[in-house]
Amino acid sequence: MDRFVIKGGTRLEGRIRVNGSKNAALPLLAAALLTDQPVTLRGVPNLADIASMLRLLGELGCPKTGESIGSPQTLTVQSRDESACHARYDIVRTMRAGICVLGPLLARRGSARVSMPGGCAIGDRPVDLHLRGLEALGARISLDSGDIVATTPPGGRLRGARIFLGGPFGSTVLGTANVMSAATLARGTTVIESAACEPEIVDLAAMLSAMGARISGAGSPRITIHGVEALTGVDHEVIPDRIEAGTLMCAAAITDGDVVIENCPLDALMAAVDRLHAMGVSVEELHESRGTSDGAGGVDPMRATCRVRRIGAMKPVEITTQPHPGFPTDLQAQFLATLCLSSGNSVVTEKIFPERFLHVAELARMGAQVNRAGATVIVSGVHRLVGAPVMASDLRASAGLVLAGLAATGTTVINRVYHLDRGYEHLDQRLGTLGARIVREDDRAATEERVPVIETKPRESVRSA
């Protein structure tokens with residue numbers, strides 16, 4: 001099992017490019033089950049979750065038929081055996097996005113058997129909204145031995161319906177993807193009310209539309225889908241990863257760095273950029289073309305180039321996570337870590353996953369002053385963090401600990417970074433191009449005694465808040 005050894009205190013400087021979005025690519029790959037023609041995706045990140053989805057699609061008779069060398073990947077998948085309809089627990093348990101095959105399987109093949117996803121470290125994420133939406137389309141659903149078993153109504157085709165997908169913590173992104181995908185092949189018109197507005201849903205709708213689907217309203221709380229008889233193949237480029245982009249912005253901020261970020265989806269990061277500006281962090285769009293034309297001669301705001309740097313001491317702010325376009329829960333840990341070096345008291349409230357604070361105790365091991373009360377954490381800024389051995393608990397918490405390690409005095413050892421590898425491609429190497437000192441080790445072959453604590457030189461040290 002790998003771990004990161006980070007020697008902190010170095011300012012990050014240079015240029016870095018944002019990879020394609022994992023959270024967009026997974027439902028896009030699942031949507032390939034809606035047609036028997038080739039589906040090509042460009043800009044796919046090379047991640048563990050992507051590999052798991054490809055393995056799942058292969059078992060469902062939709063194997064990978066083409067792949068580019070290197071990164072970002074260009075992948076082609078094509079459904080060739082439509083008799084397989086069982087998404088097994090052994091694969092689905094490795095990534096919650098495996099549930100995204102449920103709607104496409106049901107709509108195209110008339111039946112689906114998908115393992116019920118388990119819980120995770122950030123709290124329960126039930127699939128009842130997925131099932132409610134599919135039942136509204138006429139699906140007959142039951143549970144058998146931990147599997148969701150779904151079949152189409154008599155006649156073999158789903159029926160359009162008006163569906164409300166709101167839940168206690170807002171809309172459901174994967175639920176919206178599932179129901180929208182299924183509705184493309186349903187008879188009649190489907191209206192999804194309280195649909196997720198996330199950019200990943202917009203990207204999925206764009207690809208489905210290019211395949212022949214009739215979808216309007218994606219990106220708003222109401223999506224309308226007029227069912228069609230069949231969908232075709234497509235060649236589609238995945239949007240950049242807004243969470244990776246936000247993480248890189250925080251890396252520049254917490255190290256008092258100066259970083260230019262290319263292929264940055266600024267249009268999907270307004271809430272995060274607003275909080276960075278309030279913290280005293282400049283996010284300046286550079287208007288470099290670099291192949292990012294919006295088709296009308298301007299710069300595509302989803303593929304912009306920006307410069308991120310801190311202006312003076314970092315200021316405290318209040319952050320509340322909300323469904324998009326609010327502040328994303330997937331950036332909560334990274335911003336919380338960054339605020340540990342602010343000049344006052346910040347308040348971070350988690351409205352999506354109230355238990356998503358396992359990183360708080362690990363930050364405290366590094367000298368952070370963080371106090372949790374239910375779904376809120378009070379962050380009292382300190383002058384410095386101190387390197388320590390810490391344990392990653394989930395994907396985004398891992399990223400938050402990496403940021404803290406970059407800024408800390410001495411050496412930080414982050415264990416269980418396999419969480420990080422699910423959502424960030426070679427983050428250690430990529431941050432290394434900006435000057436970060438990160439080494440990936442196999443913790444079975446390394447001991448903490450071998451890792452010296454290194455005091456950084458004053459000219460390299462992170463400016464105190």
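What follows is calculated from the coordinates using simple rules that are stated; it is not laboratory data. Just so we're clear, the structure is a prediction, and the values are computed from it rather than from any experiment. Glycine gets a Cβ as well: all are built from the backbone with ideal geometry, and neighbour counts include every protein chain shown.
Return the calculated 222 nm mean residue ellipticity for the chain, to the nearest 500 deg cm²/dmol, obtained by summing -39500 (n - 2.57) across DSSP H runs with n ≥ 4 and dividing by the residue count.
Calculated from helices alone, the mean residue ellipticity at 222 nm is -7500 deg cm²/dmol.
If you line up the long axis of helix 48-59 against the longest principal axis of the chain, both from Cα atoms, how many degrees apart are they, to the nearest 10?
Once rounded, one gets 20 degrees.
7 Å from Cα along Cα→Cβ at both Ile378 and Lys64: what's the point-to-point distance in nm?
5.0 nm
Using only Cα atoms, find the angle between the long axis of helix 395-407 and the longest principal axis of the chain, and express it within 0 to 90 degrees, rounded to the nearest 10.
20 degrees
Cα-Cα pairs above 31 Å in region 22-237: how many percent?
Pairs farther apart than 31 Å: 10 percent.
Rounding to the nearest 10 and keeping the result within 0 to 90°, find how far the Cα-based axis of helix 270-279 lies from the longest principal axis of the chain.
Helix 270-279 and the main axis of the chain meet at about 10 degrees.
So, with +1 on the Cβ of K and R and -1 on the Cβ of D and E, and no other charges, what is the size of the charge dipole of region 1-86 about its Cα centre, to the nearest 20 debye?
Result for region 1-86 is approximately 600 debye, rounded to the nearest 20.
Apply 1/(1 + (r/R0)^6) to the Cβ-Cβ distance of Gln37 and Ala278, taking R0 = 45 Å, and write down the FRET efficiency to the nearest 0.05.
0.40
Which value in nm describes the separation of the simple spin-label points at Thr74 and Val149, placed 7 Å from the Cα toward the beta carbon?
Simple spin-label model gives 4.4 nm for this pair.
For region 22-237, build the charge dipole from Cβ charges (+1 Lys, Arg; -1 Asp, Glu) around the Cα centre, then report which of Ile163, Leu34, Ser71 sits farthest towards its positive end.
Of the listed residues, the answer is Ile163.
Binned at 20 Å from 0, what are the whole-percent values of the Cα-Cα distance distribution for the chain, short to long?
25, 55, 19, 1
Rounded to the nearest 0.05, what FRET efficiency do Asn371 and Phe164 have when you use their Cβ-Cβ distance and R0 = 45 Å?
Approximately 0.75, to the nearest 0.05.
Expressed in nm to one decimal, what extension gain is obtained for the pair Tyr418 and Arg55 from 0.36 nm per residue of sequence separation less their Cα-Cα distance?
128.9 nm
With the dipole of the chain worked out from charges on the C-beta (+1 for Lys and Arg, -1 for Asp and Glu) around the Cα centre, which of Pro325, Thr412, Ala373 lies farthest toward the positive end?
About the Cα centre, the residue reaching furthest to the positive side is Ala373.
Using a 7 Å offset from the Cα along the Cα-to-Cβ direction at both Asp443 and Ala361, what is the distance between the two label points in nm, to one decimal?
Using points 7 Å along Cα→Cβ, the separation is 1.4 nm.
Run through the DSSP bridge list for the chain and note the antiparallel percent, rounded to the nearest 5.
For the chain, the DSSP antiparallel bridge percentage is about 70.
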